[in-house]
Amino acid sequence: MSAPNVSASDVPRAAVARRPAGFQDPAYQAFWLLRIAFVAAPLLFGLDKFFDWLVDWERYLAPEINDIIPGNAHQAMLAVGLVEIVAGLVVAVRPRFGGYLVAAWLAGIILNLVMIGDYYDVALRDFGLLLAALTLARLATAFPARRPGA
């Protein structure tokens, strides 16, 4: 007896959404591009908080935030850098959770920038990154990690 002829439109949506994908799949490519970006960017920017290669990060800390946190702006940026490094590592190993973590972190950065008042352009860029991080988290549900031997 032969199997019935089943077309793609007959397959339940949930079965298609969690299928193993190859690199020829555009959605899988998008997932990996976002995953690489949200591992690399937080790691590099987090490290830069320690070495100040790119930017004087302390100028991006709202005075109201600086007044309520312990320590000074430099110490705050070191803590921010550490959080960013951890967020990048979480995206590397658990992108479904890490995407939401990075999105929440970006929401805090946006709030901080809006409080300063001079960096609306950067806040708008970070809003785009926040949406991309949420997209990564959603795509991660469609492409679960492959287990060894599976």
Does the stretch 136-149 include one or more residues that are over 16 Å from the mean Cα position of the chain (by Cα), assigned to a helix (DSSP H, G or I) and not hydrophobic (A, V, I, L, M, F, W, C)? no
Test: residue in the stretch 92-114 that is among the basic types (Lys, Arg), surrounded by 16 or more Cβ atoms within 10 Å (Cβ to Cβ) and within 16 Å of Arg35 (Cβ to Cβ): yes
Asn112: of a type in the set (S, T, N, Q) and in contact (Cβ under 8 Å) with a residue 12 or more places away in the chain, yes or no? yes
Being closer than 16 Å to Leu134 by Cα, under 19 Å from the mean Cα position of the chain (by Cα) and surrounded by 12 or more Cβ atoms within 10 Å (Cβ to Cβ) narrows it down to one of Phe45, Phe31, so name that one. Phe31
Scan the stretch 106-119 residue by residue and report those that are over 20 Å from the mean Cα position of the chain (by Cα) and either at pLDDT 95 or above or not acidic (Asp, Glu) (or both). Val114, Met115, Ile116, Gly117, Tyr119
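If you check Gly71, Gly46, which single one turns out to be closer than 18 Å to Ile110 by Cα, without any contact (Cβ under 8 Å) to a residue 60 or more places away in the chain and of a type in the set (Gly, Ala, Ser)? Show your work before the answer.
Working: Gly71 fails: closer than 18 Å to Ile110 by Cα.
Being closer than 18 Å to Ile110 by Cα, without any contact (Cβ under 8 Å) to a residue 60 or more places away in the chain and of a type in the set (Gly, Ala, Ser) holds for just one of Gly71, Gly46, which is Gly46.
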Among what's in the stretch 120-149 and is of a type in the set (Phe, Trp, Tyr) and at pLDDT 95 or above, pick the residue that is surrounded by the fewest Cβ atoms within 10 Å (Cβ to Cβ). Tyr120
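Limited to the stretch 116-135, what total is found for residues that are hydroxyl-bearing (Ser, Thr, Tyr) and over 18 Å from Tyr60 (Cα atoms)? First the steps, then the outcome.
Of the residues in the stretch 116-135, the ones hydroxyl-bearing (Ser, Thr, Tyr) are 119-120, 135.
Cutting the leftovers down to over 18 Å from Tyr60 (Cα atoms) gives us 135.
Final tally of qualifying residues: 1.
The values are calculated or read from the model by the stated rules, or taken from the named source; none is laboratory data. These figures come from a predicted structure and were not determined experimentally. Cβ sites come from the backbone with ideal geometry, for glycine too, and all protein chains shown count toward neighbours.
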